[in-house]
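Trainee: Pasting a structure below so you can have a look.
Quick note: the coordinates plus some simple rules give every number you see, no bench work behind them. For clarity, every value in this text was computed on a predicted model and none was experimentally measured. No Cβ is skipped: glycine too gets one built from the backbone with ideal geometry, and neighbour counts run over all protein chains shown.
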Amino acid sequence: MYRACSTLEARAPTCGVITYDPATTPDLVVRSFFERMEERRWNAAEALVAPDAVIGFSETGERFRGDHFVAMNRADPEGWTITVVEVLATRDRVAAQVRVELPPETFWCAGFSTVESGRIVEGPEHWVTEGHAEPPQWRRPFTLTP
């Protein structure tokens, strides 16, 4: 659950950290993770990822340990916004569709996470850049767009 901070505590590392609440559902954990990233509440986002989690990017083959995953996102150049489009869950497995805008480009992430004890413990993320791939010629007769 979110811990509100007084003005005097605002710089403390635990300010705004989300702690495990047994009533927290896996879908809420994943949604909250992306929302904290958007808010640049790095400590709160990191609290939702197990330190030994493994999160991979299919496009590049990169794999990140949980405690480095948030740090990597924090180091990403500023200017982006995150919108959680949809989150679906079945027990501890969660699928999330997320849009990231960094003008002039828009990126889409389809992530599939496993959540245990209120923390993300693993999951691949599949990223694409909107409009960067030309459709194959053979599909054109079947598409709704020109």
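Trainee: Please give the net charge around Leu102, taking every other residue with its beta carbon less than 10 angstrom from that of Leu102, where Lys and Arg add +1 and Asp and Glu add -1. All intermediate terms of the calculation are to be shown ahead of the outcome.
Mentor: Working: positive: none; negative: Asp76, Glu78, Glu101, Glu105.
Local charge sum for Leu102: -4.
Trainee: Out of the range 105-146, which chymotrypsin sites (Phe, Trp or Tyr not before Pro) are coil in DSSP terms and have no more than 11 other C-beta atoms within 10 Å?
Mentor: Hits after loop and neighbour filter: nothing returned.
Trainee: Which peptide among 79-90, 114-125 comes first, and what is the full order, when sorted by highest mean count of other Cβ atoms within 10 Å?
Mentor: 114-125, 79-90
Trainee: May I pose another question? Would you please name the trypsin sites (Lys or Arg not before Pro) within the range 30-80 that are DSSP coil residues with at most 16 other C-beta atoms within 10 Å of their C-beta?
Mentor: Hits after loop and neighbour filter: Arg40.
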